[in-house]
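The values are calculated or read from the model by the stated rules, or taken from the named source; none is laboratory data. Only a predicted model underlies this, so the values are computations on that prediction, with no experimental measurement involved. So basically every Cβ, Gly included, is an ideal-geometry build from the backbone, and we count neighbours across all protein chains shown.
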Amino acid sequence: MRADAAPDPLEPPSLASLADRCVQCGLCLPHCPTYRLDGVESESPRGRIAYIKAVATGTIAPTGTGDRHLDHCLGCRRCEAVCPAEVEMERLLVGARAAQFERHRPDLAQRAALVALASPVLGKLAFAAARWAGKLPAKPPRPDIPDPKPIVRNDRGRITVFEGCAGRDYEAGTRWALATLVTRAGFDVVHVASQGCCGTAAAHAGDAVGAARLGQENRNAFAGHAKVLSLATGCQSILAASLNGVADVEDALAFLDREASALRFRPARGRVALHLPCSQRFLGGAGALRRLLARVPDLDLIELPDTGCCGAAGLHQLAEPERAARLREPLLVALEASGADELLSANIGCRLHLGNGANIPVRHPIEFLAEHLA
Ligand code: SF4
Ligand code: SF4
């Protein structure tokens with residue numbers, strides 16, 4: 001049955017009015033990874049906002065150069081986190097890219113990527129092709145999770161797990177790990193087969209129609225399911241907006257943190273590095289992850305410094321591989337210096353990008369936690 005249509009959370013009220021909030025103070029500039037990379041105003045939040053406003057009000061005609069600087073925005077929202085005027089960069093970006101999308105359709109490679117992400121069958125083929133071409137890392141091996149202990153009480157409710165487009169292909173082991181932890185905490189896990197991509201990549205690429213269609217498909221798929229756990233921090237805000245009024249979307253780590261009294265862990269060996277994705281560092285969830293990992297006895301955990309966005313940023317790692325690699329480099333240097341045996345990161349896009357550059361395994365923290373269940 002089709003769920004009621006949601007108010008469109010991705011529709012900006014007006015690009016000019018959103019841009020008007022910027023008082024041009026420049027406080028965001030040192031926090032913007034692309035400004036730090038290039039050192040020019042046009043690659044800064046303030047420069048992008050000025051361009052968006054000038055085009056939206058008709059002061060200037062859009063230019064290829066201006067659009068290219070807009071293309072480079074990572075959607076990391078680091079500027080939002082420090083802005084005293086509460087500029088909503090994600091809404092500006094989604095609206096500005098939708099206008100760009102109308103002006104000139106993206107190139108064939110980007111269109112093909114958007115089609116593949118929206119289709120489970122084509123997505124599987126596309127991810128296999130990207131792995132074959134060396135653009136994405138190999139699928140991680142199935143985690144070594146011990147048999148769950150018998151469940152004493154398993155009547156605390158039903159939860160479902162959001163798979164996502166890349167996660168569908170890459171995170172079978174992570175979902176199995178999450179199911180083990182959630183079952184141990186006394187919940188039943190229900191699989192929702194008809195779910196699809198959250199639409200974040202489409203929205204950030206300017207395909208507002210495609211993003212809205214994916215959001216509606218997920219509203220239909222999750223209708224009747226009260227709780228949806230998300231494994232990818234980067235999917236969560238747009239997924240939650242799409243399922244508003246249908247289901248409660250919660251970060252899987254935040255859920256497990258609340259239920260952690262039911263979980264016991266055995267001691268860890270080796271050194272583990274932790275990467276906090278921008279979405280987790282600035283939009284919440286880092287505290288829950290730190291508390292969960294602190295429950296693992298003897299864990300030698302090194303939290304990597306905040307060197308800026310890793311450069312993954314949805315399709316950015318495929319569309320701008322050279323820029324994405326330059327953004328990733330300081331993090332890889334810090335990882336090498338940490339001496340860690342493995343790296344944990346809670347966002348699928350970051351894991352794929354980091355996994356392509358790191359020489360140690362890169363996994364979701366959920367897999368590590370499930371492997372260490374006592
Ligand atoms: S979202 Fe990130 S990359 Fe884009 S302007 Fe803001 S800080 Fe810079
Ligand atoms: S911090 Fe906010 S108000 Fe100041 S320049 Fe950046 S976006 Fe504009």
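Just to be sure before I move on: is R36 within 14 Å of ligand 1 (Cβ to nearest atom), within 24 Å of the chain's Cα centre (by Cα) and either within 30 Å of A221 (Cα to Cα) or hydroxyl-bearing (S, T, Y) (or both) in the structure I sent?
No, not satisfied.
Kindly indicate which of S261, S237, S230 is of a type in the set (S, T, Y) and surrounded by fewer than 18 Cβ atoms within 10 Å (Cβ to Cβ).
Among S261, S237, S230, only S261 is of a type in the set (S, T, Y) and surrounded by fewer than 18 Cβ atoms within 10 Å (Cβ to Cβ).
Kindly check whether there is at least one residue in the range 100-107 that is out of contact with any Pro (no Cβ under 8 Å at 6 or more places or on another chain), in a helix (DSSP H, G or I), more than 9 Å from ligand 1 (Cβ to nearest atom) and at pLDDT below 90.
So far as the range 100-107 goes, yes, one or more of its residues are out of contact with any Pro (no Cβ under 8 Å at 6 or more places or on another chain), in a helix (DSSP H, G or I), more than 9 Å from ligand 1 (Cβ to nearest atom) and at pLDDT below 90.
Of all the helices (runs of 4 or more DSSP H) wholly in the range 233-298, which have at least 2 residues that are over 24 Å from C165 (Cβ atoms) and acidic (D, E)?
Helices (runs of 4 or more DSSP H) meeting the threshold: none at all.
Looking at V82, V87, which is the one that is touching a His at 6+ places or on another chain (Cβ under 6 Å) and within 16 Å of ligand 2 (Cβ to nearest atom)?
Step by step, each of V82, V87 is checked, and only V82 is touching a His at 6+ places or on another chain (Cβ under 6 Å) and within 16 Å of ligand 2 (Cβ to nearest atom).
Quick check: anything in the range 292-315 within 16 Å of ligand 1 (Cβ to nearest atom), of a type in the set (K, R) and without any contact (Cβ under 8 Å) to a residue 40 or more places away in the chain?
no
Only residues that are touching a helix residue (DSSP H, G or I) at 6+ places or on another chain (Cβ under 6 Å), over 22 Å from D107 (Cα atoms) and away from ligand 1 (no atom under 11 Å from the Cβ): list them for the range 52-88, please.
Scanning the range 52-88 gives K53, A56, T57, I60.
Let me spell it out: the conditions are (1) surrounded by 12 or more Cβ atoms within 10 Å (Cβ to Cβ); (2) closer than 23 Å to P321 by Cβ; (3) more than 16 Å from ligand 2 (Cβ to nearest atom), and A98 meets all of them except one. Which number is the exception?
All conditions are met except number (2).
Looking only at the range 326-374, count how many residues are farther than 23 Å from R168 by Cβ, part of a loop (DSSP other than H, G, I, E, B) and not small (G, A, S).
Looking only at that region, the number is 4.
Okay, residues lined up against (1) crowded, with 17+ Cβ neighbours inside 10 Å; (2) more than 17 Å from the chain's Cα centre (by Cα); (3) hydrophobic (A, V, I, L, M, F, W, C):
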position	(1), (2), (3)
G311	yes, no, no
E320	yes, yes, no
V333	no, yes, yes
L344	yes, no, yes
R363	yes, no, no
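Tell me which residues, restricted to the range 270-289, are crowded, with 16+ Cβ neighbours inside 10 Å and over 17 Å from the mean Cα position of the chain (by Cα).
Once the filter is applied, which keeps residues that are crowded, with 16+ Cβ neighbours inside 10 Å and over 17 Å from the mean Cα position of the chain (by Cα), the range 270-289 yields V272, A273.
Within the range 27-42, work out how many residues are among the charged types (D, E, K, R) and either outside the structural domain of L74 (by TED's automatic domain parsing) or away from ligand 2 (no atom under 13 Å from the Cβ) (or both).
So the answer is 2.
Collect the residues in the range 215-232 that are in contact (Cβ under 8 Å) with a residue 40 or more places away in the chain and in a loop (DSSP other than H, G, I, E, B), keeping them in residue-number order.
Within the range 215-232, A223, H225, A226, L231, A232 qualify.
Counting just the residues of the range 67-91 that are outside any helix (DSSP H, G or I) and small (G, A, S), which one comes out surrounded by the fewest Cβ atoms within 10 Å (Cβ to Cβ)?
Among those residues, the one meeting the criterion is A85.
Which one of these does D169 not meet: (1) of a type in the set (D, E); (2) farther than 27 Å from D71 by Cβ; (3) part of a helix (DSSP H, G or I)?
(2)
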